[in-house]
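A short write-up of the structure that comes next.
The values are calculated or read from the model by the stated rules, or taken from the named source; none is laboratory data. Computed from a predicted model, the values in this text were never measured in an experiment. With ideal geometry, Cβ positions are generated from the backbone for all residues, glycine too; neighbour counts draw on all protein chains shown.
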Ligand SMILES: Cc1cc2nc3c(=O)[nH]c(=O)nc-3n(C[C@H](O)[C@H](O)[C@H](O)COP(=O)(O)O)c2cc1C
């Protein structure tokens, strides 16, 4: 049956790692996202931590819950013209445009280093048609089969927050049908599928339901908000891709709302919260809203140690609250009047 949350294991108070604080018993940070158990709930966010093990110079990748890599299509994709990034009040805009080496080159060139680092990897995939989603997923599944690094990849995140050429370039995630089709296609990889949804729709909960009905084990909430930066002196848009995606602190409240609403609608779904998290308090808010796990994006561009900082901060928050583990807090804010 869909939307069933596997039972949580009893908190293991002996399993903590050092937080740098004087704690008598370490809270259990392990969490379940769909059928997957992660040692802790803090991950990188797709597109903000390189394609492979680049972040390993700053963070021990094995200590993160998972590393989510930049979205990959079946074939190499050049992305958008520069400039691609622009700081704005409360965050930044990007129009990177999903530049990537393609699934095949990524498995050959990037996956071995991630495996050597001991990372658990979530592979984000995208396509501009349902067929391209299926192609990316099928080729990922085929390329991983039989490789020693196979077990490194623990899930696929279907980035459905991208234009659908078969629907006048409307985002997949703005349509229940297109989302369901893309998620079904992503299942061709033979791995658990998470659906990365867009906050740019009033139908977020309906789209989330369609993703879960199509077999997604978890919802990743949210991708960037559509935005625009204008260069007044030159009287033109700043970014080469013209429009961009807003991320960072300005997105945090939007992401919290998305997580809150989806947790309320789908009490048993896996939910990963992402948007404007830069410290343990932000991660805690996301968990209280209903997230089983969180991803750190823009903060990593400012400080590559950000995911580790968030993890250490969350550990301190849990100890301060004197809870046995994350499971005691997921969705706790739902109970408020
Ligand atoms: C430079 C940049 C590139 C991104 N690339 C991707 C991507 O390839 N795939 C994806 O699903 N999301 C991508 N995102 C969205 C992030 O994964 C995340 O959902 C969003 O930035 C919100 O989180 P944050 O506020 O912590 O950055 C990108 C974001 C940024 C800033």
Residue count, segment 86-119 (criterion: within 11 Å of the ligand (Cβ to nearest atom) and either at pLDDT below 95 or buried (at least 16 other Cβ atoms within 10 Å of the Cβ) (or both)): 11
Across (1) farther than 20 Å from residue 210 by Cα; (2) at pLDDT 95 or above; (3) within 17 Å of the chain's Cα centre (by Cα); (4) in a loop (DSSP other than H, G, I, E, B), residue 154 clears everything bar (4)
Please state which of the following conditions residue 143 fails to meet, knowing it meets all the rest: (1) crowded, with 16+ Cβ neighbours inside 10 Å; (2) modelled with pLDDT of 95 or more; (3) more than 10 Å from the ligand (Cβ to nearest atom); (4) under 26 Å from residue 164 (Cβ atoms). (2)
Here is a check on your reading of the model: is residue 183 within 16 Å of the ligand (Cβ to nearest atom), in contact with a strand residue (DSSP E or B) (Cβ under 7 Å, 6 or more places away or on another chain), within 30 Å of residue 118 (Cβ to Cβ) and in a helix (DSSP H, G or I)? yes
Condition check: farther than 19 Å from residue 294 by Cβ, outside any loop (DSSP other than H, G, I, E, B) and free of Cβ contacts under 8 Å to residues at least 24 places away in the same chain. Does residue 112 satisfy that? no
So how many residues does segment 292-332 have that are assigned to a helix (DSSP H, G or I) and within 16 Å of the ligand (Cβ to nearest atom)? 13
Mind checking whether some residue in segment 157-170 is farther than 25 Å from residue 289 by Cα, within 12 Å of the ligand (Cβ to nearest atom) and more than 14 Å from the chain's Cα centre (by Cα)? yes
Evaluate segment 42-51: report whether one residue or more is in a loop (DSSP other than H, G, I, E, B), over 15 Å from the mean Cα position of the chain (by Cα) and modelled with pLDDT of 95 or more. no
Considering every residue within segment 246-255, establish whether at least one is without any contact (Cβ under 8 Å) to a residue 12 or more places away in the chain and in contact with a strand residue (DSSP E or B) (Cβ under 9 Å, 6 or more places away or on another chain). no
Would you list the strands (runs of 3 or more DSSP E) that sit entirely within segment 193-276 and hold 1 or more residues that are farther than 18 Å from residue 93 by Cα, under 16 Å from the mean Cα position of the chain (by Cα) and at pLDDT 95 or above? 193-197, 218-221, 270-274
